[in-house]
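Here the structure is laid out as structure tokens; the discussion comes afterwards.
Derivation of every value follows stated rules applied to the coordinates shown; laboratory data play no part. Fair warning: this is a prediction, and the values are worked out from it, not measured in the lab. Here the Cβ is made from the backbone with ideal geometry for all residues, glycine too, and neighbour counts use every protein chain on show.
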Ligand SMILES: *Cc1c(COP(=O)(O)O)cnc(C)c1O
């Protein structure tokens, strides 16, 4: 990366040693195995890099939403068990089987499609039956579960599929005191019992994601699916993890303005005194939420400075007051927070959302730099 790329335009820095540390923490918290969930481009951090880092640090397998995400990981050379759980019934299941991608099955229609793909390819599909344990989102609704188990067992006997797992997902695990967690776990245990009654012998039961893994040991079973936690987000707020993303932007212009100056679109901010304004070339197209207008801050020249006026598509204006900022100085929009900079959690609070939406929302024009990839490659070689 040239000096221009590093200092003269917005830059997203991904800290893979932080991903490695977070992975090791989850591996230490469960007797079961850790599946590294790298959907949505590794929560915006780069799916391939996060996957490699997690596998080198003790994760046993990978998980993604779609088959397209899974086959992209295989194309990049990622080995090992890899599960895809969210696909339409006409998804490219044959591609999944050829790439040794395991498939979650939430309905009889999906099961038929997977069986057909197995027939066409001559490959046996490795399947995880997906039970809805109370979210009414993906997963088989309770009333369809027994029928799905029965049909899956029949397909196993024909040799088309092997049911390796049963999965569920908790919708309230960020609040460990929510009674729906207990009810969801009971529904999951009952779903596994039903599967066994129909003759299925799933070897991996998995229910917990990041928050449940950290707060609810009874939810671990044989495998925990960890996504947010790998990149430093703990929805339960119980555990200190290392955020793995830092967004910086250089000051491209400065101006001194008198009191009464209208800044940006729509009279949203009028200066109340003589002050200095700094322009940063990042806007809502780059992931700065427009809904944070009037609240966001960046770290510039060692100080927290407020973003004033409305966030534009390509730029924001920061009020620096009397700080002697120079053009080219780099502002930290967010980072781990160790140096006084705002965090993704701060931006989530300023814009009424969650950290996940901040880190997955960084736009494609922001340059990216990955720190620690070499270290990780050496570790993998010597392991
Ligand atoms: C995204 C997702 C996960 C990972 O959840 P985190 O809270 O980010 O760890 C696990 N399971 C399913 C089904 C998911 O969609």
May I ask you to order 286-292, 125-131 by the average number of other C-beta atoms within 10 Å around their residues, highest value first? 125-131, 286-292
When all C-alpha to C-alpha distances in region 303-348 are sorted into bins of 10 Å, what percent of pairs does each bin hold, rounded to whole numbers? 22, 54, 24
Under the definition of Cα pairs under 8 Å and six or more residues apart, what whole-number percent is the relative contact order of the chain? 18 percent
Quickly rank 301-309, 244-252 as a protection proxy: mean count of other C-beta atoms within 10 Å, highest first. 244-252, 301-309
Per the helix-only calculation at 222 nm, which mean residue ellipticity applies to the chain, given -39500 (n - 2.57) for every DSSP H run of n ≥ 4 and division by its residues, nearest 500 deg cm²/dmol? -10000 deg cm²/dmol
For the chain: span of alpha carbons on each principal axis (Å, largest first): 79, 45, 38
Cα principal axis extents for region 4-127, largest first, Å: 53, 40, 23
Anisotropy class of region 152-269 from Cα gyration tensor, a/c 1.5 cut: prolate
Three-way shape call for region 8-75 based on the alpha-carbon gyration tensor, with the a/c threshold at 1.5: oblate
How many angstrom lie between the C-alpha centres of region 134-194 and region 216-292? 37 Å
Going by average Cβ density within 10 Å per residue, which order do the peptides 84-97, 12-25 take, highest to lowest? 12-25, 84-97
Counting DSSP beta bridges with both ends in the chain, the antiparallel % (nearest 5): 45 percent
